[in-house]
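**Student:** The structure follows.
Just so it is clear, none of the values below were taken in a lab; they were calculated from the coordinates. On a predicted model such as this, the values are computed, not experimentally measured, just so you know. Ideal geometry is used to build each Cβ from the backbone, glycine not excepted, and the neighbour counts take in all protein chains shown.
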Amino acid sequence: MPEALDVACPCCGALLKVDPETGSVVWADKKKAPAKNFDELVSRVQSQKSVLEDKFQRSVAQTRNQKDILEKKFEEARKRAAADPTGRPPTPFGNE
């Protein structure tokens, strides 16, 4: 059985071990990313903070709207129940 071939990836620089019989990659040693600039990391965290704040504000607004919608639906159901006091709610098996 021939030994695996060592190939360097031209895109990312990773060292790949390739099986010569099948042509498949059996192992990949990826290069570590270089250390990033601290100021760049801080600015990225700040931008993520603003995105998260925006998502939170949208969820709060949606929750407020949802509460109003549910209250309106409940009031409508209450009016219908008051208009027909002898009526019973439909049973799930009423169509049988």
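**Student:** Can you give the angle from 0 to 90° between the axis of helix 38-83 and the longest principal axis of the chain, with both taken from C-alpha atoms, to the nearest 10?
**Tutor:** 20 degrees
**Student:** Once you have the Kirkwood Rh of the chain from its Cα pairs, apply Stokes-Einstein at 20 °C and 1.002 mPa s and quote D in µm²/s.
**Tutor:** 101 µm²/s
**Student:** Count the net charge of all other residues whose Cβ sits under 12 Å from the Cβ of ALA28, scoring Lys and Arg as +1 and Asp and Glu as -1. Can you show the working numbers first?
**Tutor:** Details: positive: LYS17, LYS30, LYS31; negative: ASP6, ASP29.
So the surrounding residues net to +1.
**Student:** Okay, next question. Check the straight Cα-Cα distances from LYS17 and name the aspartates and glutamates below 12 Å, setting aside those fewer than 8 residues away within the same chain.
**Tutor:** By straight Cα distance, LYS17 reaches GLU3, ASP6, ASP29.
**Student:** Pairs of lysines 8 or more apart, or on different chains, with alpha carbons under 28 Å: count those in region 22-96, would you? Each step should come with its number before you reach the end.
**Tutor:** Details: LYS32/LYS49; LYS36/LYS49; LYS36/LYS55; LYS49/LYS67; LYS55/LYS67; LYS55/LYS72; LYS55/LYS73; LYS67/LYS79.
Count of close lysine pairs: 8.
**Student:** Once label points are set 7 Å from the Cα along Cα→Cβ at both ARG88 and SER50, what is their separation, rounded to one decimal in nm?
**Tutor:** 6.1 nm
**Student:** With runs of 4+ DSSP H residues as the only contributors, calculate the mean residue ellipticity of the chain at 222 nm using -39,500 (n - 2.57) per run, divided by the residue total and rounded to the nearest 500.
**Tutor:** Values: 1 runs with 46 residues, N = 96.
After summing the helix terms and dividing by the residues of the chain, the value is -18000 deg cm²/dmol.
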